[in-house]
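Inspection log for the structure reproduced underneath, given as structure tokens.
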Amino acid sequence: MPTSTQAGGPQPSAAISAVGLRKSFGDKTVLDGIDLHIPAGSVFALLGPNGAGKTTAVKILSTLISADGGQSQVAGHEIATSPDGVRAAIGVTGQFSAVDGLITGEENMLLMADLHHLPKQEGRRVAAELLARFDLVEAAKKPASTYSGGMKRRLDLAMTLVGNPRIIFLDEPTTGLDPRSRHNMWSIIRELVADGVTVFLTTQYLEEADELADRIAVLNNGKIAAQGSAQELKRLIPGGHVRLRFTDPTAYQAAASTLHEATRDDEAMSLQIPSDGTQRELRSILDWLDSKDIEADELTVHTPDLDDVFFALTSGNAVPNQTKGGAR
């Protein structure tokens, strides 16, 4: 697969890449020239408000609809010229379950095996292995209509894995699930990635992206507002700080008298210093404390969470230190 180059220089070959991806429906531009670079064996999360274009991006990259412009590759295949090659390498679990409720879980699995043209014996073996992996053996002979929401989502993902795809698109896979079912799905996704599978995830749950994703992009008004790791994105938003807490009043007063940029809390004997949370800045604070022979009893780093990032990037307000290519 060719090497993709972005505004930070050459990058390793990607499982999924897109340059200048565009899509409009009538006079509404949904994707306005987005760039993506997703390494193999990683989780990429695409965030955005409802209607931002997340599902449209999944549909284009999984060959369900065509783009109006730009270039994209999935598993080394150009989507425009080799859609069959893309389809052979991917699995897709959409927002709405593909499970047929009129037949059993096992029959759903065997139907998917037939669609992948697996020999009957191999299809039964694969179905049995996946039903066991997703803890669905006891329910396998029951109509899927009797399954809970979490069981249906697990069955849906198990069906997606019948063809052993190396790239999986999960479009809001945990929407509507209770917290326990959501955490079970997270465990399954982590296991897939540990096996080398690449996961493209769209979600409205910011905690989900924070938990799972190696890299996150925020889509707003058809453009990528920012992208990077969760920590990189959090550093884009003001409000991060380091908190020093003291038990020795003398040490506290000594620190407070020289750290003029710090916010004091005399009752708690703590100082709050604006910080982006980088290693360099933390080392600078620690070196300063050592040079003054001041010992803090507790040092904690506070960064904005992804909720803060999401609201800042999608509210139309400018975000400081944001670069066009994403977080740096």
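So which residues in region 110-122 are assigned to a helix (DSSP H, G or I) and farther than 15 Å from residue 165 by Cα, if there are any at all?
Within region 110-122, 110, 111, 114, 120, 121, 122 qualify.
Give all pairs with beta carbons closer than 8 Å in which a residue from region 261-289 that is closer than 13 Å to residue 303 by Cα meets a residue that is acidic (Asp, Glu); count only pairs at least 6 apart in sequence or on separate chains.
272/265; 273/261; 274/261; 275/281
Would you check which residues across region 123-142 are more than 15 Å from residue 156 (Cβ to Cβ), touching a residue at least 12 places away in the same chain (Cβ under 8 Å) and assigned to a loop (DSSP other than H, G, I, E, B) and list them?
141, 142, listed by residue number.
Just one of (1) part of a helix (DSSP H, G or I); (2) without any contact (Cβ under 8 Å) to a residue 40 or more places away in the chain; (3) in contact with a strand residue (DSSP E or B) (Cβ under 9 Å, 6 or more places away or on another chain) trips up residue 187, so point out which.
The failed condition is (3).
Return yes or no: is residue 160 among the hydroxyl-bearing types (Ser, Thr, Tyr) and assigned to a helix (DSSP H, G or I)?
On the way: among the hydroxyl-bearing types (Ser, Thr, Tyr): yes; assigned to a helix (DSSP H, G or I): yes.
So residue 160 fits the description; yes.
Given the residues 277, 326, which is the only one that is at pLDDT below 90, touching a Ser or Thr at 6+ places or on another chain (Cβ under 6 Å), surrounded by 14 or more Cβ atoms within 10 Å (Cβ to Cβ) and closer than 30 Å to residue 223 by Cα?
One residue alone meets the criteria, 277.
Counting only residues that are without any contact (Cβ under 8 Å) to a residue 12 or more places away in the chain and assigned to a helix (DSSP H, G or I), which one in region 36-87 is surrounded by the most Cβ atoms within 10 Å (Cβ to Cβ)?
Filtering first and then ranking leaves 59.
The values are calculated or read from the model by the stated rules, or taken from the named source; none is laboratory data. These figures come from a predicted structure and were not determined experimentally. Neighbour counts run over all protein chains shown; Cβ positions are idealised from the backbone, glycine included.
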